[in-house]
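To keep things clear, I will list the structure first and then write my remarks on it.
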Amino acid sequence: MICLGEVNLFKKKGAKVAFFIITAVVVFVVLVVGTSIYNENNVKETIAAESSTQAMTQPLTNVKQPEANAQPEFNIEKITHEVNKEDNFAVKNIKGDNYIVFYPEILIDAVDKRIKTDIDYFKSRCEESNSKYLSVDYSVYKSEKNLLSLVYTITSYNDTGKEIEKDIFTRVFNAATGKELSQNDIFDVDFFDYASQIVRENLIASIDKSIYNISLDSFISKTNNDALNYDRFAFDKARLIIYFDSYSLFDKGAEVFEVDFLNEEINDYFLIDDNGKRKPTEGNIPLYVNDDSRIDPNKPMVAITFDDGPSSKNTREILNTLNQNNSRATFFVCGYTAVDNTDVLQEINSAGNQIGNHTMNHADLTQQSADDMKNAVESVNDIVEGATGKRPRIVRPPYGAVNHDVKAILSDYAFILWDIDTQDWLIKDSQKIYRHIIDNVADGSIVLLHDIHEETVQAVEMFVPKLVEMGYQLVTVDELFYYKDAQMMPGESYLNIV
Ligand code: NI
């Protein structure tokens with residue numbers, strides 16, 4: 001049995017097979033339960049009859065005693081979860097007649113949600129199985145690379161409790177965000193050539209060759225450089241562990257083989273950095289992401305953006321509303337007002353919001369010479385970097401005016417446009433601004449507003465809590481890209497991330 005993930009496993013079990021198993025189980029249950037009820041009634045009647053006639057004369061001596069040397073029947077209750085001392089997660093379990101599934105509660109929403117779907121899957125797999133007994137157990141590992149790994153072991157037993165077969169199933173998450181990471185997120189494609197070589201060397205050196213035949217086709221094909229052969233892996237403190245079950249390599253046995261790699265040995269093959277985040281692909285814009293973020297990448301999110309500020313009064317009121325609602329936004333500032341409000345820039349930044357560039361004097365970039373264009377952007381970046389230590393890589397071109405020349409000359413920057421234009425500067429009506437956002441918002445939207453108008457401040461007080469109530473996470477532009485797994489390319493423009 002090879003575990004290649006839920007989809008393949010479900011495919012393996014055809015509808016006919018499932019129907020047969022269900023039918024067989026139903027027939028079995030009817031027979032066994034029916035028979036035992038019948039027997040139990042008979043026994044009770046017999047005992048009642050015997051006791052009424054014999055009770056006065058002699059004690060019952062024909063009660064069958066268990067044989068002293070009989071093999072005790074294996075019981076699912078005997079399977080327990082071994083608690084690791086460092087493992088401070090709540091251990092839970094669900095049981096069926098022939099199985100027990102242990103699982104942890106991690107207290108990271110996205111991870112616990114994933115565990116829930118895994119448990120549902122294991123439960124149905126146990127219920128459909130024709131094994132005598134099954135257990136699913138887990139281990140949780142935390143890595144220096146800010147990764148959280150879950151390793152499930154599915155074991156089937158015969159009726160004396162002997163292990164017949166083991167199967168491994170793993171998941172890896174970013175420990176801060178709960179975002180699940182696939183092989184493609186973590187390993188460079190070249191990794192699998194290297195893995196194949198090391199895995200073969202290690203297994204050949206460590207397995208018992210009197211039991212396992214390393215010249216089997218299955219061993220050779222399951223250790224070649226196909227990425228699918230290495231899709232069961234976890235990261236403990238400083239190592240990558242890849243798992244193999246003896247059944248898939250050799251078509252027999254209940255052993256699990258582990259091959260370890262020290263993180264530092266394979267660092268060049270990692271696509272993630274030491275925080276479990278994707279390293280920027282060469283040339284792409286690195287993204288600023290708040291470390292304390294508890295964003296669920298599976299829930300809808302929206303980037304609220306404000307242009308033309310900062311304004312010392314209105315921007316601060318907006319920051320208050322954002323803070324109160326545990327939300328963040330992006331402020332595309334103009335240099336002429338930023339230069340007198342560097343304290344506001346610091347407040348924007350320190351609350352985890354993002355600052356982008358809206359040019360020094362709100363000039364139409366398409367009408368400028370190359371030098372003026374660069375000055376218009378770089379002078380603002382000097383002010384922002386002086387105040388916050390961060391140099392923006394995102395530009396909101398005034399009037400949304402961006403063309404091929406602008407992109408070619410400002411080729412280090414990404415141009416962030418919008419898909420929801422509130423026209424707040426024109427309509428100046430908080431109720432209408434609110435309505436426009438609520439009626440048009442979608443997952444991945446970028447909303448255009450201006451933090452210099454009183455009506456916009458009032459609208460923010462209304463729509464921010466409303467969006468949160470609707471289930472939207474209000475994130476910065478960089479976070480929107482990050483959690484949507486979008487690469488931000490220099491010299492490109494974006495309306496939204498869908
Ligand atoms: Ni503007």
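The values are calculated or read from the model by the stated rules, or taken from the named source; none is laboratory data. Quick caveat: nothing in here was measured; it's all calculated off a predicted structure. No Cβ is skipped: glycine too gets one built from the backbone with ideal geometry, and neighbour counts run over all protein chains shown.
Numbers for the structure displayed
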| read-out | value |
| --- | --- |
| Some residue of the range 180-196 being within 23 Å of residue 298 (Cβ to Cβ) and assigned to a loop (DSSP other than H, G, I, E, B) | yes |
| Only one of 366, 337, 388 that is away from the ligand (no atom under 15 Å from the Cβ), of a type in the set (Val, Ile, Thr) and over 15 Å from residue 304 (Cβ atoms) | 388 |
| Qualifying residue in the range 254-266 (condition: of a type outside the set (Lys, Arg), surrounded by fewer than 17 Cβ atoms within 10 Å (Cβ to Cβ), away from the ligand (no atom under 16 Å from the Cβ) and closer than 22 Å to residue 349 by Cα) | no |
| Within the range 177-225, considering residues that are modelled with pLDDT of 95 or more and of a type in the set (D, E, K, R), the one nearest to residue 251 (Cα to Cα) | 222 |
| Residue in the range 296-316 that is away from the ligand (no atom under 16 Å from the Cβ), in a helix (DSSP H, G or I) and either surrounded by 20 or more Cβ atoms within 10 Å (Cβ to Cβ) or modelled with pLDDT of 95 or more (or both) present | yes |
| Output for the range 193-225, where each listed residue is surrounded by fewer than 17 Cβ atoms within 10 Å (Cβ to Cβ), in contact (Cβ under 8 Å) with a residue 24 or more places away in the chain and more than 34 Å from the chain's Cα centre (by Cα) | 211, 213, 216 |
| Any pair with Cβ under 8 angstrom, 6 or more apart, that starts in the range 293-319 at a residue that is closer than 27 Å to residue 276 by Cα and ends at one that is crowded, with 17+ Cβ neighbours inside 10 Å and acidic (Asp, Glu) | 293/479; 295/479; 301/479; 303/479 |
| Criterion (away from the ligand (no atom under 16 Å from the Cβ), aliphatic (A, V, I, L, M), in a loop (DSSP other than H, G, I, E, B) and farther than 13 Å from residue 460 by Cβ) met by exactly one of 289, 344 | 289 |
| Filtered residue count, the range 456-467, keeping only those that are under 30 Å from the mean Cα position of the chain (by Cα) and either buried (at least 20 other Cβ atoms within 10 Å of the Cβ) or within 16 Å of the ligand (Cβ to nearest atom) (or both) | 3 |
| Condition check for residue 321: more than 28 Å from residue 218 (Cα to Cα), within 16 Å of the ligand (Cβ to nearest atom) and among the β-branched types (Val, Ile, Thr) | no |
| Qualifying positions in the range 214-232 - under 26 Å from residue 146 (Cβ atoms), outside any helix (DSSP H, G or I) and in contact with a helix residue (DSSP H, G or I) (Cβ under 8 Å, 6 or more places away or on another chain) | 231 |
| Which listed residue, of 271, 249, 287, 228, is in contact (Cβ under 8 Å) with a residue 40 or more places away in the chain, touching a Pro at 6+ places or on another chain (Cβ under 9 Å) and of a type in the set (A, V, I, L, M, F, W, C) | 287 |
| Conditions (1) touching a residue at least 40 places away in the same chain (Cβ under 8 Å); (2) loosely packed, with under 15 Cβ neighbours inside 10 Å: number failed by residue 357 | (2) |
| Boolean, residue 247 is touching a strand residue (DSSP E or B) at 6+ places or on another chain (Cβ under 6 Å), at pLDDT below 95, hydroxyl-bearing (Ser, Thr, Tyr) and more than 16 Å from the ligand (Cβ to nearest atom) | yes |
| Test for residue 237: is it farther than 21 Å from residue 155 by Cα and of a type in the set (Lys, Arg) | yes |
| Contacts under 7 angstrom Cβ, first residue in the range 392-408 being farther than 11 Å from residue 491 by Cβ and among the small types (Gly, Ala, Ser), partner within 13 Å of the ligand (Cβ to nearest atom) and in a loop (DSSP other than H, G, I, E, B), 6 or more apart | 400/417; 401/364 |
| Hits in the range 245-286 (condition: part of a strand (DSSP E or B) and within 19 Å of residue 182 (Cβ to Cβ)) | 261, 270, 272, 278 |
| Residue within the range 174-188 that is buried (at least 19 other Cβ atoms within 10 Å of the Cβ) and in contact with a Phe, Trp or Tyr (Cβ under 6 Å, 6 or more places away or on another chain) present | yes |
| Single condition residue 485 does not satisfy, out of (1) surrounded by fewer than 20 Cβ atoms within 10 Å (Cβ to Cβ); (2) acidic (Asp, Glu); (3) in a helix (DSSP H, G or I); (4) under 23 Å from the mean Cα position of the chain (by Cα) | (3) |
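Conditions (1) among the aliphatic types (A, V, I, L, M); (2) buried (at least 21 other Cβ atoms within 10 Å of the Cβ), marked per residue:
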| position | (1), (2) |
| --- | --- |
| 412 | no, no |
| 417 | yes, no |
| 436 | no, no |
| 446 | yes, yes |
| 454 | no, no |
| 469 | no, no |
